Structures are given as C-alpha cells and as structure tokens.
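Inspection log for the structure reproduced underneath, given as structure tokens.
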Amino acid sequence: MKNEESITRQPDGESPCNSAQEWYQRGNEYRRQQQWHDAINCYIEAIRLDPDSPAVEAKKMLDDIMNFYCKDMYNP
C-alpha cells in the first residue's frame, strides 16, 4: 500500500515519488532550476523517508544559500 501522505506532497503535475532516492533526485532537478522552495520540500520528504539520505547534506547546503547575505551590502 502506498503512503497517501507522500502522494499528496507532490508539486503540481508531478508523478508521485515512492522512495527517498526519487525525492532526492527530484529535489536535485528543482535545485538545478533554482526552484529552491520545491527543492527543499523534496529533500525534506527524502529525509523523512530515509534519515541517512544524501538529501540531508543537500538540504544543509540549500539552507546555507538561503540564509546567506552579504553584511557589507547592508552596512556601506
């Protein structure tokens, strides 16, 4: 039986992912397209299914990117 919760977490128009690896790969595709929010959501789902997934490191990298700002730009 498929996990209904996973199926409902798809971005619109995408086929359902059934494994952490599929979620991780989909997250990588979104990351390449610079769709950060969708990529993070996919990585979170991959981590939920497999806490040892490579999505853990990928999510950390995206979190760093999203949290970065250049302090010099705000304090001329």
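For residue 32, the accessible area of its heavy atoms, probed at 1.4 Å with every protein chain present, is near 140 square angstrom.
A full extension of the chain between residue 19 and residue 56 corresponds to an added length of 11.8 nm, given 0.36 nm per residue minus the alpha carbon distance.
Positive contributions from Lys and Arg (+1) and negative ones from Asp and Glu (-1), summed over other residues with Cβ under 12 Å from the Cβ of residue 24, come out at -2. The residues packed around residue 35, meaning those with a beta-carbon under 11 Å from its beta-carbon, carry a net charge of +1 if Lys and Arg are +1 and Asp and Glu are -1.
Model label sites at residue 63 and residue 37, defined 7 Å from Cα along the beta-carbon direction, differ in position by 2.0 nm.
The values are calculated or read from the model by the stated rules, or taken from the named source; none is laboratory data. In this text the structure is predicted, and so the values were computed from the model without any measurement. As a convention, Cβ positions derive from the backbone with ideal geometry for all residues, glycine included, and neighbour counts pool all protein chains shown. Heads up: the accessible areas ignore ligands, DNA and RNA and are worked out on the full protein's heavy atoms, side chains in. Shrake-Rupley method; radii C 1.70, N 1.55, O 1.52, S 1.80 Å.
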